[in-house]
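Take this structure, written in structure tokens, and hold onto it; I'll ask about it next.
The values are calculated or read from the model by the stated rules, or taken from the named source; none is laboratory data. Not measured: the values here are computed from a predicted model. Virtual Cβ from ideal backbone geometry, glycine too; neighbours counted across all protein chains shown.
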Ligand code: 2E7
Ligand code: F3S
């Protein structure tokens, strides 16, 4: 295994977003100051696709384009898209009839799809294809009359969308502590599915306890916790073994970002904090700290991470080693409604040639 100190040094480049320079002091600490930068971090294929979908919709149809819920759970992304003419709404009944509406990357229930259609809206479905896969699993197991134990967080949009595929067959399991209270009709016909952005370790614990209660519990046909969630957790685990402090860039409502803070704390970091922007880093977090781990959630633009690295460099943490635990090259094609409308445009044909997990 490569030691973290042998990891390649990376060029920070110029931050895309101006940081508050000189705010943090370069106080002395025991040992050399350094940053361990987790990789993979930041945008996943589903976020990349969803954000490009809104941008392309704005270009092609013109502003405003409506988006149901936050396209991804990142305040900076949402603010930037608003500046370009996107209008974020909670429900389809807030959208003028006949307008274009983008469904967020977290997915929607069939009831939402129907409501949009009844209103005569032109819907562009930016649901991540890996969430659509879980929806299909829910439909299939419900058709076979299984009771689906959906591990996920109540109120999260992804969970509402997946549960909405088979409301009469789904029971939500929020955490391992929920397990003793779960009731099922037939313990011989139960399957578990999950939200895509959970802690892998906690989910495995929930499943272990569920199986203790329901020995015939079936597993999903393939991993529901997606590749990006898993890869970011593996990387931050390695960083947390050597970092005294971990900073996770991501918004408060970003499930996968919040999980990264928890995973860091459970795997050796003495402290871990989430920030939306570098200006939220507090001087006292750095007191006596030589090694700082940095990562970002799947909805976080890299410019925000660069801004954090720049402020840390000002505070003496200019030595940055990347800790890479996986390569990612997955890309999804744009939502089919957009591909159809953009047909003939040379650039879109290129995007349509991306490796795709959906039809
Ligand atoms: C869609 C899905 O937007 P996020 O912060 O969402 P979470 O689910 O982590 O709150 O991250 C990207 C993303 C992750 N999962 C988008 Cl289903
Ligand atoms: Fe999709 Fe996973 Fe990203 S479900 S949106 S690839 S975090």
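Which of the residues that make up region 144-163 are within 14 Å of ligand 1 (Cβ to nearest atom) and either without any contact (Cβ under 8 Å) to a residue 12 or more places away in the chain or not in a helix (DSSP H, G or I) (or both)?
If the condition is that a residue be within 14 Å of ligand 1 (Cβ to nearest atom) and either without any contact (Cβ under 8 Å) to a residue 12 or more places away in the chain or not in a helix (DSSP H, G or I) (or both), then 150, 151, 152, 153, 154, 155, 156 are the ones that fit.
Pull out all pairs, ordered by first then second residue, where Cβ-Cβ is under 7 Å, the residues are six or more apart or on different chains, the first lies in region 221-240 and is farther than 16 Å from residue 295 by Cα, and the second is in a helix (DSSP H, G or I).
221/137; 224/134; 225/200; 225/203; 226/130
Right, next: Which of the residues belonging to region 122-141 are out of contact with any helix residue (DSSP H, G or I) (no Cβ under 6 Å at 6 or more places or on another chain) and either at pLDDT below 95 or not in a helix (DSSP H, G or I) (or both)?
Residues satisfying the conditions are 122, 125, 127.
For region 56-79, give me each residue that is touching a residue at least 24 places away in the same chain (Cβ under 8 Å) and within 16 Å of ligand 1 (Cβ to nearest atom).
67, 68, 69, 70, 71, 72, 73, 74, 75, 76, 77
Still on this model: Can you tell me how many residues within region 124-143 are away from ligand 1 (no atom under 15 Å from the Cβ) and either closer than 22 Å to residue 72 by Cβ or free of Cβ contacts under 8 Å to residues at least 40 places away in the same chain (or both)?
Here the count works out to 5.
Now a separate question. Filter region 194-221 down to residues that are within 13 Å of ligand 2 (Cβ to nearest atom) and either under 22 Å from residue 142 (Cα atoms) or assigned by TED's automatic domain parsing to the domain that holds residue 73 (or both), then give me how many there are.
Residues flagged as within 13 Å of ligand 2 (Cβ to nearest atom) and either under 22 Å from residue 142 (Cα atoms) or assigned by TED's automatic domain parsing to the domain that holds residue 73 (or both) within region 194-221 amount to 3.
Return the residues of region 259-316 that are assigned to a strand (DSSP E or B) and farther than 11 Å from residue 247 by Cβ; say none if nothing qualifies. Spell out the reasoning first.
The initial filter retains those residues of region 259-316 that are assigned to a strand (DSSP E or B), namely 271-275, 291-296.
Residue satisfying the conditions is 291 alone.
Sort out which residues of region 268-302 are within 16 Å of ligand 1 (Cβ to nearest atom) and crowded, with 17+ Cβ neighbours inside 10 Å, and write them in order of number.
Once the filter is applied, which keeps residues that are within 16 Å of ligand 1 (Cβ to nearest atom) and crowded, with 17+ Cβ neighbours inside 10 Å, region 268-302 yields 274, 275, 276, 295, 296, 297, 298, 299, 300, 301.
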